[in-house]
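Heads up: the structure comes next, in structure tokens.
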Amino acid sequence: MTVNSSSSPSAEADDGARANEVRGAVRSTLQLGGSLMVTYAIALGIRALMPRYLGPEAFGYFNWSEAFAATFFVATNLGLETYIRKEVPVRPDHASDFFGTTMLLRLAMTLVLMVALALVLHHTGEPPEVQHLVQWFAVAQSLIVVNASMAALLHSKGKVAGLSVSNVITKIVWGGGLALMAAFGVGLQWLAVPMVLSEAVKLIISWKLAKEHLNLKFRIDLTETKKVMKACLPFFLTAAALACNGRTDMSLLGKLASKEEVGWYGGAFSIAGLTFLISPIFGWVLMPMMSRAAARSPQELSHLTRRSLEGVLAFTVPVMMAMVLGADLWVRIMCGPGFEPAALPLRVLSPIFVMAYVTMVSSIWLTMSNKEWWVTLAATMGAVVNPLLNLALIPWLYGRIGPSGGATATAMSMFLTEVIVTVLFLSRMGRNSFDRRSLVMVAKTAVVCGVCVVLDRVLLGAGMAPWPRLGLTATTYVVGVLGTGAVRPAELLQVVRMARQRGGNGGAPAEVAVPAAPTA
């Protein structure tokens with residue numbers, strides 16, 4: 001429907017500002033999305049290169065080293081990234097109050113952790129080249145954490161054009177460096193160096209952009225930083241829990257099973273991780289946008305959340321179906337010989353990413369509704385449940401299934417953990433998560449998915465080749481969701497039209513299009 005906003009100057013100004021904000025969000029999404037397409041194309045090539053270059057066991061060491069270093073440096077997150085995306089969009093000058101002090105704090109923490117890491121590695125008995133690899137990954141992690149905060153500042157201000165270019169440049173440095181190392185047969189211990197170089201380049205570019213767009217100043221303000229750190233506590237605990245939840249599994253798998261199992265799990269995870277193509281958009285664009293919506297009214301925040309969840313499901317469900325039904329094919333293409341056992345854990349992992357996207361949106365709503373501690377509680381519960389499930393399932397399935405038993409156990413542990421966290425988030429949100437329109441969309445999509453699974457099994461039994469089988473199943477899915485109205489192309493076109501209008505004069509429009517009320 002269309003609402004006339006010309007009844008008063010203030011209403012017209014509010015609607016105009018809101019429309020410009022949406023246009024800005026769409027513009028940022030397209031800019032960042034363009035850079036993501038390039039960076040993911042590079043990452044896709046590297047994901048296919050590394051398993052073939054290293055083989056299952058060495059690839060397992062590579063993934064285990066990165067996971068171990070990331071877990072060790074969880075504390076340096078400080079919860080600052082989420083705090084920035086919540087507070088800086090509505091008061092940009094606040095960034096300089098805490099930036100300098102937190103940078104020094106992180107530097108001090110990094111120095112202490114590097115010494116502690118060296119001592120731990122010395123007593124673990126890992127091969128020297130693995131110890132060196134972990135230390136390089138640790139340096140990279142310290143830079144990644146700082147760059148995440150720098151990016152959050154720029155996203156909060158809506159200045160992403162330079163950052164988009166930076167993402168492409170740094171990904172080229174990383175991917176090109178790894179490709180050169182593989183070409184010259186460089187040893188395992190040096191394979192994290194390209195990541196260190198790329199993150200260092202990104203930090204230099206991000207600092208210049210932040211000074212330009214936010215007038216960011218490096219100053220020490222202990223009083224203000226103490227207030228910020230207190231407000232960051234729930235965000236820090238949440239980030240720590242999520243990081244441990246996603247990293248300790250590989251560490252446990254390597255100890256309870258073998259590094260080869262880590263290699264198979266890493267191969268499956270790297271393929272399934274491709275479904276995270278649009279995940280950066282949530283923090284880069286959606287979170288600042290929801291912050292401003294929450295500042296206006298709880299009703300607007302809930303409406304934006306419901307529609308965002310619909311968009312998430314429209315994107316993730318078909319990708320999940322493709323991963324599940326074509327697991328053997330994707331493993332063969334992406335990982336090559338020796339990784340065939342990764343197909344089963346890939347099938348188990350694939351549904352996780354649908355739930356992960358749902359929890360991303362849900363956590364943003366909870367954060368903007370000042371329910372940060374609920375997010376912390378759910379994430380902490382997941383961080384406790386996941387290792388317990390790994391401890392129970394890895395020895396059992398590793399001896400029972402054989403090759404990939406440990407990897408499948410780790411995937412199953414993550415799946416069950418994600419189910420628990422998703423249920424907790426949605427139960428706390430109540431009707432703010434799904435309305436009648438959303439539930440109808442979910443039901444229709446589930447029916448279409450069921451039909452596609454049955455069709456795939458029939459075609460597989462008939463001996464049809466993988467590509468024609470997946471193509472026919474995909475066609476059935478598209479026809480099904482469009483025919484039932486589960487996905488509405490008209491609404492996607494509305495976003496495109498909005499993006500095309502971004503170059504307007506910025507004045508308040510006489511009429512603002514408002515999404516129609518929920519319907520079946």
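Values computed for the structure shown
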quantity: Close pairs (7 angstrom Cβ cut-off, 6 or more residues apart or separate chains): in contact (Cβ under 8 Å) with a residue 12 or more places away in the chain in segment 462-486, buried (at least 16 other Cβ atoms within 10 Å of the Cβ) and outside any helix (DSSP H, G or I) anywhere; calculated: 466/326; 470/326; 481/487
quantity: Residue 182 small (Gly, Ala, Ser), part of a helix (DSSP H, G or I) and surrounded by fewer than 19 Cβ atoms within 10 Å (Cβ to Cβ); calculated: yes
quantity: Scan of segment 227-249 for residues that are hydrophobic (A, V, I, L, M, F, W, C), open to solvent by 20 Å² or more (accessible area, probe 1.4 Å) and modelled with pLDDT of 80 or more, ordered by number; calculated: 229, 231, 233, 236, 237
quantity: Residues (out of contact with any helix residue (DSSP H, G or I) (no Cβ under 9 Å at 6 or more places or on another chain) and either open to solvent by 50 Å² or more (accessible area, probe 1.4 Å) or touching a residue at least 24 places away in the same chain (Cβ under 8 Å) (or both)) located in segment 447-456; calculated: 454
quantity: Any hit, segment 338-359, residues being within 18 Å of the chain's Cα centre (by Cα), assigned to a helix (DSSP H, G or I) and among the aromatic types (Phe, Trp, Tyr); calculated: yes
quantity: Every pair of residues 6+ apart whose Cβ atoms lie under 8 Å, when the first sits in segment 189-208 and is open to solvent by less than 20 Å² (accessible area, probe 1.4 Å) while the second is part of a helix (DSSP H, G or I) and of a type in the set (D, E, K, R); calculated: 192/66; 198/171
quantity: Members of segment 294-349 found to be within 17 Å of residue 47 (Cα to Cα) and charged (D, E, K, R), listed by number; calculated: 328, 332, 340
quantity: Selection within segment 328-337 - in contact (Cβ under 8 Å) with a residue 40 or more places away in the chain and either part of a helix (DSSP H, G or I) or closer than 19 Å to residue 452 by Cβ (or both); calculated: 328, 329, 330, 331, 333, 334
quantity: One residue from 306, 292 being open to solvent by 40 Å² or more (accessible area, probe 1.4 Å) and modelled with pLDDT of 85 or more; calculated: 306
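One line per residue, one yes/no per condition, for (1) in a helix (DSSP H, G or I); (2) crowded, with 17+ Cβ neighbours inside 10 Å; (3) in contact with an Asp or Glu (Cβ under 9 Å, 6 or more places away or on another chain):
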| residue | (1), (2), (3) |
| --- | --- |
| 89 | no, yes, no |
| 116 | yes, no, no |
| 139 | yes, yes, yes |
| 143 | yes, yes, yes |
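The values are calculated or read from the model by the stated rules, or taken from the named source; none is laboratory data. Quantities reported herein were computed from a predicted structural model and do not represent experimental measurements. Backbone-built Cβ (ideal geometry, glycine too); neighbour counts: all protein chains shown. Remember, those area values only see protein heavy atoms, side chains included, never the ligands or the DNA or RNA. Shrake-Rupley method; radii C 1.70, N 1.55, O 1.52, S 1.80 Å.
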